[in-house]
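Chemist: Could you have a look at this structure, given as structure tokens, before my questions?
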């Protein structure tokens, strides 16, 4: 699979609290932010650094520095907004776009209602953010929108992924790697991830 799962005791620990139905809104948001930061670190392992010359207090050296202007973060509304604070902590000068989608509760298909990205988005590496990769429908629609703007390099970051969603994205867009904190076992009859963590948007914003 074209999916990278973070196998680490600290991630497992944070996920155990995140999944708990008794975890409150404040702590849930904080954990989403923390895990998103770690996902961003992992997803940026292959980025190229510019060589710059700097002076330390003791000598002059050549070292690597990130050109933050070459990146953009694009959360899928609304749940993806919960991941934004974490990733911009890592790359604070990255540009931000937004894709608005909601799930039709009868067909389980995504409905698009908003799309706003930086005007030079095609020049940037884009990190697409959504806590849950369930059926893969929203991810595929969002990737299509970005590619229609000329984006060449896209990475999808999520907290929880289902094998069904991973498979669907891989088949349609094998060039888009998926970074997640956990790959869960399946979807239920209502297309929610099992064991999952419930509705990420509702838990982030306290709407249920």
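Chemist: Assign one of three labels to region 53-129, namely rounded, prolate or oblate, based on the Cα gyration tensor with a ≥ b ≥ c the square roots of its eigenvalues; rounded applies when a/c is under 1.5, prolate when it is not and a/b is larger than b/c, and oblate otherwise.
Modeler: prolate
Chemist: Let me ask you something else. Give the angle, between 0 and 90 degrees and rounded to the nearest 10, that separates the Cα long axis of helix 137-148 from the longest principal axis of the Cα atoms of the chain.
Modeler: Tilt relative to the chain: about 40 degrees.
Chemist: Shifting gears a bit: Using the alpha carbons of region 96-141, what is the convex hull volume per residue in cubic angstrom, as a whole number? Intermediate values should be presented prior to the final figure.
Modeler: Values: hull volume 3.6 nm³, N = 46.
Per-residue hull volume (Cα only) is 79 Å³.
Chemist: So for region 80-208: antiparallel DSSP bridges make up what percent, rounded to the nearest 5? Write out the running numbers ahead of the final one.
Modeler: Working: 8 of 20 bridges.
For region 80-208, the DSSP antiparallel bridge percentage is about 40.
Chemist: Ok, one more. Once you order the gyration tensor axes a ≥ b ≥ c over the Cα atoms, which shape class does region 120-208 get: rounded for a/c under 1.5, otherwise prolate or oblate by comparing a/b with b/c?
Modeler: Working: a/c = 2.29, a/b = 1.60, b/c = 1.43.
Prolate, since a/c reaches 1.5 and a/b exceeds b/c.
Chemist: Further question on the same structure: How many angstrom separate the Cα center of region 18-60 from the Cα center of region 152-167?
Modeler: First find each Cα centre; the distance between them is then 19 Å.
Chemist: Rounded, prolate or oblate: which one fits region 17-68, using the alpha carbon gyration tensor with axes a ≥ b ≥ c (rounded when a/c is under 1.5, else prolate when a/b beats b/c, else oblate)? All intermediate terms of the calculation are to be shown ahead of the outcome.
Modeler: On the way: a/c = 5.36, a/b = 2.85, b/c = 1.88.
It is prolate, given that a/c is not under 1.5 and a/b is the larger ratio.
Chemist: Give the separation of the Cα centroids, region 63-142 to region 174-208, in Å.
Modeler: About 16 Å separates the Cα centre of region 63-142 from the one of region 174-208.
Chemist: If you look at just the Cα atoms of region 1-93, how large are its Rg and its Dmax in Å?
Modeler: 16.9, 54
Chemist: May I ask for the angle, rounded to the nearest 10°, between helix 9-19 and the longest principal axis of the chain, with both axes built from Cα atoms and the value confined to 0 to 90°?
Modeler: 40 degrees
Coordinate-derived values only; no laboratory data. The structure presented is a predicted model; accordingly, all values stated were derived computationally and were not measured.
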